[in-house]
1. Just for region 170-198: of the residues that are surrounded by 13 or more Cβ atoms within 10 Å (Cβ to Cβ) and small (Gly, Ala, Ser), which one is nearest to SER210 (Cα to Cα)?
2. Among the residues of region 59-69, is any within 31 Å of the chain's Cα centre (by Cα) and part of a loop (DSSP other than H, G, I, E, B)?
3. Name the one entry in PHE133, PHE151 that is modelled with pLDDT under 95 and under 11 Å from the mean Cα position of the chain (by Cα).
4. Which of the residues belonging to region 179-195 are touching a residue at least 60 places away in the same chain (Cβ under 8 Å) and small (Gly, Ala, Ser)?
5. Residues LYS290, LYS304: which one is assigned by TED's automatic domain parsing to the domain that holds MET221, at pLDDT below 95 and in a loop (DSSP other than H, G, I, E, B)?
6. Out of the residues in region 119-152 meeting the condition of being assigned to a loop (DSSP other than H, G, I, E, B) and of a type in the set (Phe, Trp, Tyr), tell me which one is surrounded by the most Cβ atoms within 10 Å (Cβ to Cβ).
7. Of the residues LYS235, LYS243, only one is assigned to a loop (DSSP other than H, G, I, E, B), out of contact with any Lys or Arg (no Cβ under 9 Å at 6 or more places or on another chain) and more than 29 Å from ALA185 (Cβ to Cβ); which?
8. Determine, yes or no, whether ALA207 is closer than 24 Å to PRO282 by Cα and either in a helix (DSSP H, G or I) or assigned by TED's automatic domain parsing to the domain that holds THR279 (or both).
Amino acid sequence: MNGSRTIQIVGGALLALFLVVGWGLGIIFPPSPSSHVVNIDRGMNAEQIGAQLKKSGVIRSRIFFVWAAYLSGKQHRLGAGSFEFTGSKSTFTILGTLLTQKNERAVLITEGSTIKDIAEVLSSAGMPSGLRFESVAKSSEGFLFPDTYRFFESASAEEVIGVMQKEFQEKIKPFEADIKVSGHAEREIIIMASIIEREVRTPRDKALVSGILWKRLAQGMHLQVDATLFYVTGKASHELDKKDLESASPYNTYEHKGLPPTPISNPGIESIKAAIHPTVSPYFFYLSGKDGTTHYARTFEEHKKNKVLYIY
């Protein structure tokens with residue numbers, strides 16, 4: 001009688017333990033997240049990964065996850081990346097998923113790239129987000145800092161934009177005081193910087209052209225820059241025709257005074273600095289010669305002579 005009672009108690013305890021462990025590991029009634037994307041950073045240990053998964057509702061118990069990881073010897077092999085968990089899965093199934101290292105991609109975004117350029121770079125790097133990037137990033141033109149980034153292959157367009165916008169904010173922060181005293185809003189500075197980025201190459205030329213363009217605006221002149229038309233037509237300066245130069249596009253700075261409505265590229269730090277700190281000069285005109293050298297003129301007559309000398 002006593003033996004039978006003991007067996008019943010032990011059996012009940014084992015059943016209760018099995019139910020508790022099975023429930024904690026998601027073997028019994030696993031949790032059912034509708035859809036959760038969890039980002040696991042490189043260097044995170046099993047405890048940190050478990051906490052991240054528990055917070056997202058992917059697992060029921062962080063402690064049971066850590067135990068399962070250590071007992072299976074997988075605690076040091078869990079991959080980093082952006083993982084999407086859908087449907088009901090046990091902790092062991094999730095551990096198996098995390099054993100797959102998500103591939104990273106080094107992505108170089110050059111200064112003066114547009115959101116269309118960035119989309120093409122992402123696609124060329126094998127990132128599916130490149131297909132959606134242009135439509136998602138439409139309002140972010142100018143505010144995505146050009147640099148070399150490392151993204152997980154599965155990173156969404158929104159994640160890429162977030163990283164690049166954060167980098168932009170970090171880079172622009174040291175110039176906030178200078179922007180305030182410049183007499184221009186930050187958005188105006190970035191639009192100007194985006195034009196400068198597409199027009200000239202060297203820091204000296206950037207600052208000189210910045211001075212010329214701000215001066216034209218101050219005097220109510222048209223900017224008359226080809227780069228703004230290139231943004232909408234894709235045509236280089238020598239390809240622009242009469243129809244382009246007379247188009248009603250708000251990016252046609254031959255027809256419309258003032259800055260274009262948005263940045264036309266994502267400028268680098270030198271162009272941003274040039275937009276904030278323009279060089280004062282007697283010049284009103286400039287052009288890039290066949291060899292890439294920028295030539296300046298005080299009057300339109302001098303400018304026409306430069307065209308004959310350095311372009312035709």
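The values are calculated or read from the model by the stated rules, or taken from the named source; none is laboratory data. Since this is a predicted model, take the numbers as computed values, not measurements. Here the Cβ positions follow ideal geometry from the backbone for every residue, glycine too, while neighbour counts run over all protein chains shown.
1. Here the answer is ALA193.
2. Just the residues of region 59-69 that are within 31 Å of the chain's Cα centre (by Cα), to begin with: 59.
Now drop any that are not part of a loop (DSSP other than H, G, I, E, B), which leaves 59.
Yes.
3. Numbers: PHE133 fails: modelled with pLDDT under 95.
The match here is PHE151.
4. Those that are touching a residue at least 60 places away in the same chain (Cβ under 8 Å) and small (Gly, Ala, Ser): SER182, ALA193, SER194.
5. Values: LYS304 fails: in a loop (DSSP other than H, G, I, E, B).
On inspection, the qualifying residue turns out to be LYS290.
6. From region 119-152, those assigned to a loop (DSSP other than H, G, I, E, B) are 125-129, 137, 141-147; that's our starting set.
So of that shortlist, the ones also of a type in the set (Phe, Trp, Tyr) come out as 143, 145.
Numbers: PHE143: 20, PHE145: 22.
Ranking the candidates gives PHE145 first.
7. On the way: LYS243 fails: assigned to a loop (DSSP other than H, G, I, E, B).
Among LYS235, LYS243, only LYS235 is assigned to a loop (DSSP other than H, G, I, E, B), out of contact with any Lys or Arg (no Cβ under 9 Å at 6 or more places or on another chain) and more than 29 Å from ALA185 (Cβ to Cβ).
8. On the way: closer than 24 Å to PRO282 by Cα: yes; either in a helix (DSSP H, G or I) or assigned by TED's automatic domain parsing to the domain that holds THR279 (or both): yes.
Criteria met by ALA207.
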